[in-house]
Amino acid sequence: MTRKRRAAFSVLKNFLDHQASGGLILIAASALALIVANSALADAYFGALGSYIGPLNLLHWINDLLMAGFFLLVGLEIKREFLDGQLSTPRRRVLPGLAALGGMVFPALIYVSLNLNSGALHGWAVPVATDIAFALGVLALMGRRVPVSLKIFLTALAIIDDLLAVIIIALFYTAQLSAVWLGVAVALMAALYGLNRAGQRRLWPYLILGAGLWVATFASGVHATLAGVALAMFIPITRSPAAPDDRGSPLHRLEHGIEPWVAFLIIPVFGFANAGVSLSGLGLDALLSPVALGVAAGLFFGKQIGVFLTVWLAVRLRWADTPEGATMAQVYGVSLLCGIGFTMSLFIGLLAFDDPILQSEVKIGVLAGSLLSALAGAAVLLIARRERVPAESVRFGA
């Protein structure tokens, strides 16, 4: 392996390790939130989240402002992967793209089928998302049992999944719009575009305009976190596939600068603030409500069916090859892990419903579906054969 290829592999490995470590911390923060929400500290926990700091309460600051950093990282990852990474060619986009699409359609169909008469169809998008940090955290526990190609496949799938989720939020979960503030946001994006076209490579002008863009987006009625994605699209990138840590690339500098903060602070804080659901007073009706069942079944059954079926069809039709060194059993295990929809699913659930009861049902469904997917995926990967099965020798239905 050449020095440049070793450098590229090292950067990818470090990135995956960061995401995996952040996922493990997210798991711990979410478990702690559940414990606190059902302990003597529950009143203090919910009281702190509801306390106002200026115009918003603490929970809204976390979900609207802090999560803008998460969406900024998502946008940077999407741009980098499409221009300079694993999704930079049409051939590389086929398998994770189809898998992401299938993994969004089937969960939505399952949710809708279980909620046709519930009056809660607005939550159809809750089970369509995959939590990349959580899923990679589970993969990290598998060690060398899982080939690196599957981790790359899962990362690429989750990035496309995030892109589709961002589009869904923008199209279906936007409140009434303020034309004036929307115009301000457009003007700020035009200024960001001008900086990019002028060849500005220092980050601080982009970040200052990005802060203004967040304010304008928040005031416009579009969910403020989408300002993070919009800002990312204007950050300049130096295409350097052989040296992805190029310090001359503003996008790479910003991504590497904020990734640890997102993985080890923003996402765990979000998980701790939103995973806490009090189970006291929640009877069997709440646990088996159409919303909770629709979310849980969508994540657990819909994701595995959608992802694995589209991979199976793509390979069978010779549109793509299975990830190098991976068996179809391992692909199925990763398909199960795609049902871990924690961060984005909780986020969409909060946008979909204002009713605290429905929000609690969403949280129960997300927790149940994600936990089942994590346990089942880990079990399949633990028992799956590890020897290499070339794509051309794979046979289905035998």
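The values are calculated or read from the model by the stated rules, or taken from the named source; none is laboratory data. None of the values given here were measured: they were computed from a predicted structure. All Cβ positions, even for glycine, are placed from backbone atoms using ideal geometry, and neighbour counts span all protein chains on display.
Checking each residue in region 332-345 for being closer than 17 Å to G302 by Cβ and surrounded by 22 or more Cβ atoms within 10 Å (Cβ to Cβ) picks out G333, V334, S335, L336, L337, C338, G339, I340, G341, F342, M344, S345. Restricting the search to region 93-109, which residues are surrounded by 24 or more Cβ atoms within 10 Å (Cβ to Cβ), within 19 Å of E324 (Cβ to Cβ) and not aliphatic (A, V, I, L, M)? Selection gives P96 alone. Among the conditions (1) part of a helix (DSSP H, G or I); (2) over 19 Å from the mean Cα position of the chain (by Cα); (3) at pLDDT 80 or above, the only one that R144 does not satisfy is (3). Listed by first and then second residue, the pairs linking a residue in region 116-145 that is over 23 Å from A28 (Cβ atoms) to a residue that is surrounded by fewer than 14 Cβ atoms within 10 Å (Cβ to Cβ) and not aliphatic (A, V, I, L, M), with Cβ atoms under 8 Å apart and 6 or more places separating them unless they lie on different chains, are A125/F172. Scoring G199 on the criteria (1) out of contact with any Gly (no Cβ under 8 Å at 6 or more places or on another chain); (2) of a type outside the set (K, R); (3) assigned to a helix (DSSP H, G or I); (4) under 28 Å from G248 (Cβ atoms) leaves a single failure, condition (3). List the residue pairs whose Cβ atoms are under 9 Å apart, where the first residue sits in region 198-223 and is in contact (Cβ under 8 Å) with a residue 12 or more places away in the chain, the second is among the basic types (K, R), and the two are 6 or more positions apart or on different chains. Close Cβ pairs satisfying both conditions: L203/R253. Scan region 4-16 and give yes if some residue there is surrounded by 14 or more Cβ atoms within 10 Å (Cβ to Cβ) and either modelled with pLDDT of 85 or more or in contact with a Leu (Cβ under 9 Å, 6 or more places away or on another chain) (or both), otherwise no. Yes - at least one qualifying residue is present in region 4-16. If the condition is being crowded, with 18+ Cβ neighbours inside 10 Å and of a type in the set (F, W, Y), then region 159-217 contributes Y206, W214.
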